[in-house]
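One structure is given below, encoded as structure tokens.
No value in this document is a laboratory result; all are computed from the given coordinates. Predicted, not measured: the structure shown is a model, and the values here were computed from it. As a convention, Cβ positions derive from the backbone with ideal geometry for all residues, glycine included, and neighbour counts pool all protein chains shown.
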Amino acid sequence: MSTRTFSVTALPGFATVALVAFVALYAPIVTMVVYSFNGSQSVAVWGGFSLEWYVRAWENTAVQEATVRSLVIAASASLIATTVATMAALGTTRTRSFRGQTLIYVMVNQPLMVPEIVTAVALLIVFAAVRVATGWSGLGFLILAHSAFCVPFAYLPIRARLEGMDLSLETAAADLYASRWQTFRHVTLPLIFPAIIAGAMLAFVISLDDVIITEFVKSAGQDTLPTYMLGQLRRAVTPEVNAISTALLGLTVLLLTAFFIISRTRD
Amino acid sequence: MSRTAESEAETARIRRNWALATPALLLLFAGAAGPLLVVVVYSFLTPGDYSGVEWDFTFDAWVQILFARDIFDDTLRLADAHLTIFWRSVKLSLLTTLACFAFGFPTAWFIATRDRRQRGLWLFLITIPFWTNLLIRTFAILEVVRNQGLLNTALMKLGVISTPIQILYTDTAVLIGMAYVYLPLMVLPLYAAIDRFDFRLLEAGYDLYASRWQVLRRIVLPIVKPGIVAGSILVFVPSLGAYVTPRVLGGGKNMMIGNFIELQFGQGRNWPLGSALAMVLLVIVLVALLAYVRAANRTGGVDVH
Amino acid sequence: MKRLYLGGIAALMATTAATTAHAEGSLNIYNWGNYTSPELIEKFEKEHNVDVTITDYDSNTTALTKIEAGGHGFDMVVPTHTYLPIYIEKDLLLEARPDQMENFEHMDPQWVDVEWDPGRHYSVPWQWGTTGVAVNKSAYSGDPNTSAIWLDTPEELKGKVNVVPEMQDVMSLAIMYMGGEPCTSDKEVLRKVRDKLVEAKADWMSMDYGMTERLGNGDVMASVNWNGSTFRARVTNPDVVYGYPKEGYIVWMDSIAILKDAENVENAKLFMNFIMEPENAAMISSFARYANGIAGSEEFMPEEMQTAPEIVVPEELKAAGKFNQTCPQEAQDLYTAIWTELQK
């Protein structure tokens, strides 16, 4: 046997490329984060550590309103989507296949298959007509649109959990003469609860991040944080946008970490 | 249980399942599927003056996808401009998929070959960019490729160039942006496939005196092919319908299908054409997905999650 | 857990209601991007206790499309003079009668009886200016006073030129370059214009807006642009110069009007009257760096605006400026067709 250790799994150059990829993935983001604390305006010059841009963004009323609006929409959409998705998951898993089950599956996951721009123009057309007909142009349109495309993101984790679940506990409950509702409330629900929370968080993040659909569907003065940033991007690339992006990034990382921890404890 | 009692229970069960699924169906019909039907209808109408449509049924929009009537001599020609946009979209999407594969395969391999404890961390690191707002990621690339951005400033400081290289507003910028944005989508399914790969096969290959390249080509690639297909579809489909990235990095001149569709609802003032184009995009995407499902079923299915 | 979640949403919704309910009324203005002085808005908000929201657009066509589609939620819009008659014809504007408002006396008499809004029954001047060419001296040292910069791009500028996607302006400039009269329907001339535009496009880098920043930070080296925007770019980047194309350039005026389906008509009228005050009109001009239509506002504007090359037209180029009217429908249709072809 040769004394040189032979790694079975190493392939030529792969580790290098992988590390380059990681660096390339994070470099722009890290740069953006770092420069959001930059005292000077340009990327080329470092003007000392400063929270100026965060303060400016914080005091900017347009940003404040957009942030609140984003959060409200995300929370509402996530709540609606998760509720609806949980019910749908309960109705389509662990059951002998019935006619139309595939249809339900396709409908529920449809936002994953249709390009966002197509949905965006479709909603633009329909909502414009409704707005003209009813004269109403509240936040409801945005919440409806967001709830719809968040459903698959809530549905998939819950469905995965249900499929992997052991039926014996529920059978035991039934054997003890528990009603269907009681079984659900005291046995099934607690068991799938982590998955529901995970689905809700995913839905929240997805709604928070949406750009295209919101951009097309919104009315006057209904900017969300991403659409506000899109508007800014088409003009100046001020460090203020850097600051907002970093803050949004921070929130996403927080939520994701929570999601990972919850998934871990479940296992 | 008697037969009728059984079938009664069965019907009750099915009814219950449908009842549970109905809210989801209604929500998605109102907020996604229903409007799509409206788009199909609109593609057969006539454009209104500045916006909207006139309810005059016509095939004009569909004809306009490929043909254009010359303004001055009224002849029907092939719409080169449209074809350019389609070609650019397909070309950029294919190149993006290739770039993502070139970087994504080694990355997935790397993660899958770390020891179990480390792996969670690497996966987490790959997932963060994936869940980061698309706009933020596009913006980050903008900062890098601008004339006064990271790349040009670094190259100028190193003395490699004296005036900034114009990358922004070119097809290249869009390609870089899309590859950057969709890379994690290639890595995750590849990782899933490699994770399931039996590394003892590699040992066997080496025992038979195969070189690393031969092992890669003859053993690894064929087995992880479903993962490659999944990753490619996951990158190709969204990049074909990309809107934000080409808009921000392309400067309005290098349009892809998504931007072109948007144009029809804005300055282009041709909602029916926009609707028809949206349908075309949808069909292409569905065909690609169908191909994937076929391929996945043939090789025993791939779990993308 | 669920209760906590619901409670959280309730709190968030309350906050939304709170942040938007602190003023007595609201006003939704739809205006060009980077065209409204934040100071002006703040002053108006304080004086009249109104919450103002500005949404921006980047071209007349985009604005008209959105307004015509309905359900937009805006109260006021700021179209260019060539588009105002279209709005009036489509019955989209409220006959607000600014000529009967208190501050109307301040309006510069030459802007009162204009062809597109005789006697000013619908609109009040916002700003006026010219459309020409902006060039970065460091990239090109030749004469900037020509449309050849973007139609017959010199070698040094190939691949670095931007053209703002404002159809009316671009078409007029191109037609005059090819020797025609703006608003012409002459198919021979238009065919040449179309061919020239399509040919020139190959040398362009982009067709985008936001040139104030992009020229300022060097992302763009030359562009078809408006004078005020170029002025502001020059303030950040002294290498930028404004050129008045000698083949013909455009003079235009934007005016603010109230939309027929506006919700906040009273506040909109207050705003109209507000900006006819010389001091306030000066604020608008100082921000965007264009001239305005209110007499007596000059004394409130910064010194440099009196002498800036972007505001003061050189003697020899004065004749080349054309203040064209709304073109006849036939011409418009042809232009739209050419423009659509170009945009692809």
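Starting from the coordinates of the alpha-carbon atoms of the range B:80-298, obtain the Kirkwood hydrodynamic radius over all distinct pairs and give the value in Å to one decimal.
Answer for the range B:80-298: a Kirkwood hydrodynamic radius of 19.4 Å.
Nearest 10 degrees, 0 to 90: what angle lies between the long axis of helix C:265-275 and the longest principal axis of chain C (Cα atoms)?
50 degrees
Nearest 0.05, what FRET efficiency do B:Arg294 and B:Trp87 give at R0 = 45 Å with Cβ-Cβ as r?
After rounding, the FRET efficiency stands at 0.95.
Which residues' amide hydrogens lie under 5 Å from the amide hydrogen of C:Gly243, considering only partners 5 or more residues apart or on another chain, with H built in the peptide plane?
C:Val133, C:Ala134, C:Val135
In nanometres, what is the gap between the two model label sites at C:Ala295 and B:Ala210, each 7 Å from Cα along Cα-to-Cβ?
Taking the simple label geometry, C:Ala295 and B:Ala210 are separated by 9.2 nm.
If neighbour count is taken as other Cβ atoms inside 10 Å, put A:Arg94, C:Arg289 in order from fewest to most. Mind showing how you got there, number by number?
Numbers: A:Arg94 13, C:Arg289 26.
Exposure proxy ranking, most exposed first: A:Arg94, C:Arg289.
Evaluate peptide C:333-343: per residue, the Cβ atoms of other protein chains within 10 Å of its Cβ; return the mean as an integer. Don't skip to the answer; put the middle values down first.
Details: counts 1, 2, 1, 5, 5, 2, 3, 10, 6, 1, 9.
Across C:333-343, the average partner-chain Cβ count within 10 Å equals 4.
Could you name the lysines whose alpha carbon sits less than 19 Å from that of C:Lys158, not counting residues in the same chain fewer than 8 places away?
B:Lys253, C:Lys137, C:Lys196, C:Lys201
Using Cα atoms only, what is the angle between the long axis of helix C:329-343 and the major principal axis of chain C, expressed in degrees (0 to 90) to the nearest 10?
80 degrees
Where nothing but the Cβ of Lys and Arg (+1) and of Asp and Glu (-1) is charged, how large is the charge dipole of the protein assembly as shown around its Cα centre, in debye to the nearest 20?
Using only the charged Cβ atoms, the result is roughly 5680 debye.
Applying 1/(1 + (r/R0)^6) with R0 = 51 Å to the Cβ-Cβ distance of B:Asp56 and B:Ala19, what FRET efficiency is obtained, to the nearest 0.05?
Taking R0 as 51 Å, the efficiency between B:Asp56 and B:Ala19 is 0.75.
Summarise the partner chain shielding of B:71-82 as one whole number: the mean count of Cβ atoms from other chains within 10 Å of each residue's Cβ.
3
Want the number for B:Thr11 to B:Arg196: 0.36 nm per residue separation, take away the alpha-carbon distance, what's left?
62.6 nm
Mean Kyte-Doolittle hydropathy of 1.0 or higher plus an axial Cα length of 30 Å or more: which whole DSSP H helices in chain B meet both?
Numbers: long enough: B:3-28 (37 Å, -0.12); B:80-112 (46 Å, 1.04); B:171-195 (35 Å, 1.46); B:271-298 (40 Å, 1.69).
Once both thresholds are applied, what remains is B:80-112, B:171-195, B:271-298.
To the nearest 20 debye, what is the magnitude of the charge dipole of the range A:66-266 about its Cα centre, counting +1 on the Cβ of each Lys and Arg and -1 on the Cβ of each Asp and Glu?
For the range A:66-266, the charge dipole is close to 260 debye.
Listed highest first by mean packing, meaning other Cβ atoms within 10 Å per residue, what order do B:8-17, C:51-60, A:157-166, A:193-202 come in?
A:193-202, C:51-60, A:157-166, B:8-17
Compute a Gaussian network model of chain B, connecting alpha carbons closer than 10 Å, and tell me which residue from B:Tyr180, B:Tyr50, B:Tyr42 fluctuates the most.
Result for chain B, Cα springs under 10 Å: B:Tyr50 fluctuates most.
Taking the Cα atoms only, what angle lies between the long axis of helix C:187-201 and the longest principal axis of chain C, rounded to 10 degrees?
Relative to chain C, helix C:187-201 is tipped by roughly 80 degrees.
State which helices in chain A qualify, where a helix is a whole DSSP H run, it must extend 27 Å or more along its own axis by its Cα atoms, and its mean Kyte-Doolittle hydropathy must be at least 1.6.
Span-like helices here: A:14-35, A:189-209.
Label A:Thr16 and B:Leu121 with points 7 Å out from Cα along Cα→Cβ: what is the distance between them in nm?
2.4 nm
Quickly work out the C:Ala319-to-B:Phe29 label distance, labels modelled 7 Å from Cα along the C-beta direction, and quote it in nm with one decimal.
About 7.2 nm, to one decimal.
Which number do you get for Rg(Cα) / (2.2 N^0.38 Å) in the range B:37-164?
For the range B:37-164, the normalised Cα radius of gyration is 1.72.
From the gyration tensor of the Cα coordinates in the protein assembly as shown, what semi-axes in whole Å does the equivalent ellipsoid have, largest first, with each one equal to sqrt(5λ)?
51, 33, 27
Using a/c under 1.5 as the rounded threshold, could you call the range C:251-344 rounded, prolate or oblate? The axes a ≥ b ≥ c are square roots of the C-alpha gyration tensor eigenvalues, and prolate needs a/b larger than b/c, oblate otherwise.
Oblate, since a/c reaches 1.5 and b/c is not below a/b.
Collect residues whose amide H, placed 1.01 Å from N in the peptide plane, falls under 5 Å from the amide H of C:Ile256; neighbours closer than 5 in sequence don't count.
Under 5 Å from the amide H of C:Ile256: C:Val124, C:Trp126.
Work out the FRET efficiency for A:Glu59 and C:Asp108 from their Cβ-Cβ distance, taking R0 = 35 Å, and round it to the nearest 0.05.
0.40
Just to confirm a number: summing +1 for Lys and Arg and -1 for Asp and Glu over residues other than B:Leu45 whose beta-carbon lies under 13 angstrom from that of B:Leu45, what do you get?
-3
What are the aspartates and glutamates whose alpha-carbon lies under 15 Å from the alpha-carbon of C:Lys260, with same-chain residues fewer than 8 places away excluded?
By straight Cα distance, C:Lys260 reaches C:Glu68, C:Asp75, C:Glu89, C:Asp91, C:Glu95.
Helix-derived [θ] at 222 nm for chain C: sum -39500 (n - 2.57) over DSSP H runs of at least 4, divide by residue count, nearest 500?
Result for chain C, helices only: -11500 deg cm²/dmol.
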